[in-house]
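Have a look at the structure below before the remarks.
The values are calculated or read from the model by the stated rules, or taken from the named source; none is laboratory data. No experiment lies behind these values; they were computed from the predicted model shown. Counting neighbours? That spans all protein chains shown, and the Cβs are built from the backbone with ideal geometry, glycine included.
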Amino acid sequence: GNEIVKRYETTPGRLRLGNLLPLNAKAPFELVNRLLRKKDVQNVIDTVYRYCGQKESVIFCDQIMGMGFREAFKAGISFGKDDMLIPDTKWTIVNEVQEQVKDFEQQYMDGLITQGEKYNKVVDAWSK
């Protein structure tokens, strides 16, 4: 078909991140051509997962991680295990989500939801 050329005002970092996106109309450059805070990055990954599938989202996440490590290395940034704070509520949260997953499994076994719905609910529960 006809090739469509779009022009964007952007930054080099956003362009590099955009080049990591899978080639899919549902994952356009506009998805990353903005300030991305932690929650925004989660939403980008969720969008890639929902529209491009598990394989593409895993590849995308690996590429983001690699780019982050490379850029941190170039900048001379380092962090140690003591810099990573694990909240006191970690196990409470993990246990709550595991209970939710059991509920979703039971709903599926009872025929109340489809396997796809169960899968989406489990992914959403762990993503929060």
Checklist outcome for this item: Checked Gln98, Gln115, Gln107 against criteria (over 30 Å from Glu9 (Cα atoms) and surrounded by 14 or more Cβ atoms within 10 Å (Cβ to Cβ)); the one match is Gln107
Item to check | Set Asp82, Asp46: member being over 19 Å from Asn19 (Cβ atoms) and surrounded by 14 or more Cβ atoms within 10 Å (Cβ to Cβ) | outcome: Asp46
Checklist entry - Which residues, taken from region 57-90, are acidic (Asp, Glu) and modelled with pLDDT under 95? => result Glu71, Asp82, Asp83, Asp88
Next on the checklist: One residue is enough: does region 100-123 have a residue meeting the conditions outside the structural domain of Lys26 (by TED's automatic domain parsing), β-branched (Val, Ile, Thr) and touching a residue at least 60 places away in the same chain (Cβ under 8 Å)?
Outcome noted: yes
Checklist outcome for this item: Exactly one of Lys90, Lys55, Lys26, Lys39 is touching a residue at least 12 places away in the same chain (Cβ under 8 Å), of a type in the set (Lys, Arg) and out of contact with any Leu (no Cβ under 6 Å at 6 or more places or on another chain), and that residue is Lys26
Item to check | region 1-23: number of residues that are within 15 Å of Leu35 (Cβ to Cβ) and outside any helix (DSSP H, G or I) | outcome: 4
Checklist outcome for this item: Matching residues in region 1-24 (over 15 Å from Cys61 (Cβ atoms), at pLDDT 90 or above and aliphatic (A, V, I, L, M)) number 2
Item to check | Every residue from region 7-27 that is surrounded by 12 or more Cβ atoms within 10 Å (Cβ to Cβ) and more than 15 Å from the chain's Cα centre (by Cα) | outcome: Thr10, Gly13, Arg14, Leu15, Arg16, Asn24
